Amino acid sequence: MNAEDNQGEPAEHARFAAYLVELEQVGAAGEMALVGRVLGDPDRVMAEAAVVRHLDRRAAQLWPEPAWEEWAAAVGRVVTRRPFLVRRLKEWSLFRAVCLRLPWSAEDLLASSDWLQLKAAAGAGPDALDVLDVLAEGGRTKRIRNTARVSRARQAEG
C-alpha cells in the first residue's frame, strides 16, 4: 500500500487499521493499557469496534485456559463503561461456562445475543447436549434453532 492509496481514506479508518495491528502485536504486559488508549479515541464507535475485534480474538484463544479468569477480570475493569464490550465479555464467559461444563443457566443463554446463541449452537462441544436442547427449543432465530438441531443430530450419530 502506498501513500496515494490512503489519500481518500477517512482518518478513522486509518486509525482503526493501526489499532488492529497494535492490538494484535501487544504483549500481555501492555495489553490493558493499549485497550484503554484505544478506547480513549474520540471516535467511540470505531474504538469499540477495534477493541471488540481484539476481545474476540483473545477470548477465542484464552477461554479454555486457566489464564482466562485473570484476563477477563482485567478486561472487565478497562471496559466497565462500555455496555457493548461488557456484554461481549460476559457472553464469552457464558460460552466458556457451557463449553467447560461450568454452572450456567438456560435463562442467561436464552437472554444472550444472537451472536452467542449461534456460537454455542455451532461449537459448544461434544458434551453440550443440554445447551443444544435449550437452543433447539428456544433459540432466538430459526437459524439458531436449526443449527442447534443439526449439531444435536451430529452428536447423536457420532
Give the ranking of Trp63, Trp92 by solvent-accessible surface, highest area first, calculated with a 1.4 Å probe.
Trp63, Trp92
Positive-end extreme of charge dipole, the chain - chosen from Trp104, Ala47, Thr80 (charges on Cβ):
Trp104
Which whole-number percent is the relative contact order of the chain (Cα, under 8 Å, 6+ apart)?
13
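Provide Thr147, Thr80 ordered by accessible surface of protein heavy atoms (probe 1.4 Å), highest first. Working shown, then result.
Working: Thr147 35, Thr80 85 Å².
Largest to smallest exposure gives the sequence Thr80, Thr147.
Report, to one decimal in Å, the Kirkwood hydrodynamic radius for the chain based on all distinct Cα pairs. Don't skip to the answer; put the middle values down first.
On the way: mean 1/r = 0.0581 Å⁻¹.
Taking the inverse mean of 1/r over all distinct Cα pairs, the chain comes out at 17.2 Å.
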Evaluate the distance, in nm, between pseudo-label points positioned 7 Å from the Cα of Arg143 and of Ala11 along their respective Cα→Cβ axes.
3.6
To the nearest 10 degrees, the tilt of helix 142-157 (Cα long axis) against the first principal axis of the alpha carbons of the chain is 60
If one compares the long axis through the Cα atoms of helix 129-138 with the longest principal axis of the Cα atoms of the chain, the angle in degrees, nearest 10, works out at 80
Lys142: accessible area at probe 1.4 Å, nearest 10 Å²?
140
With +1 on each Lys and Arg Cβ and -1 on each Asp and Glu Cβ, how big is the dipole of the chain about its Cα centre, in debye rounded to the nearest 20?
500
Calculate what fraction, in whole %, of the accessible area of the range 23-63 sits on carbon and sulfur atoms when a 1.4 Å probe is rolled over the protein chains.
56
Ignoring ligands, DNA and RNA, what accessible area per residue does the range 1-157 give at 1.4 Å, in Å²?
57
Suppose accessible area is computed on protein heavy atoms with a 1.4 Å probe; arrange Arg149, Arg81, Arg88 from highest to lowest.
Arg81, Arg149, Arg88
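So what is the 222 nm mean residue ellipticity for the chain from helices alone, if each DSSP H run of at least 4 adds -39500 (n - 2.57) and you divide by all residues, rounding to the nearest 500 deg cm²/dmol? The partial results should precede the final answer.
Numbers: 10 runs with 121 residues, N = 158.
Per the formula, -24000 deg cm²/dmol.
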Simple SL model, points at 7 angstrom along Cα→Cβ for Arg77 and Gln155; separation in nm is 3.6
Roughly what angle does helix 83-100 make with the longest principal axis of the chain, taking Cα atoms, 0 to 90 degrees, to the nearest 10?
40
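The values are calculated or read from the model by the stated rules, or taken from the named source; none is laboratory data. These numbers come from a predicted model, not from an experiment. As a convention, Cβ positions derive from the backbone with ideal geometry for all residues, glycine included, and neighbour counts pool all protein chains shown. What goes into the accessible areas is simple: the full protein's heavy atoms, side chains included, and nothing from ligands, DNA or RNA. Shrake-Rupley method; radii C 1.70, N 1.55, O 1.52, S 1.80 Å.
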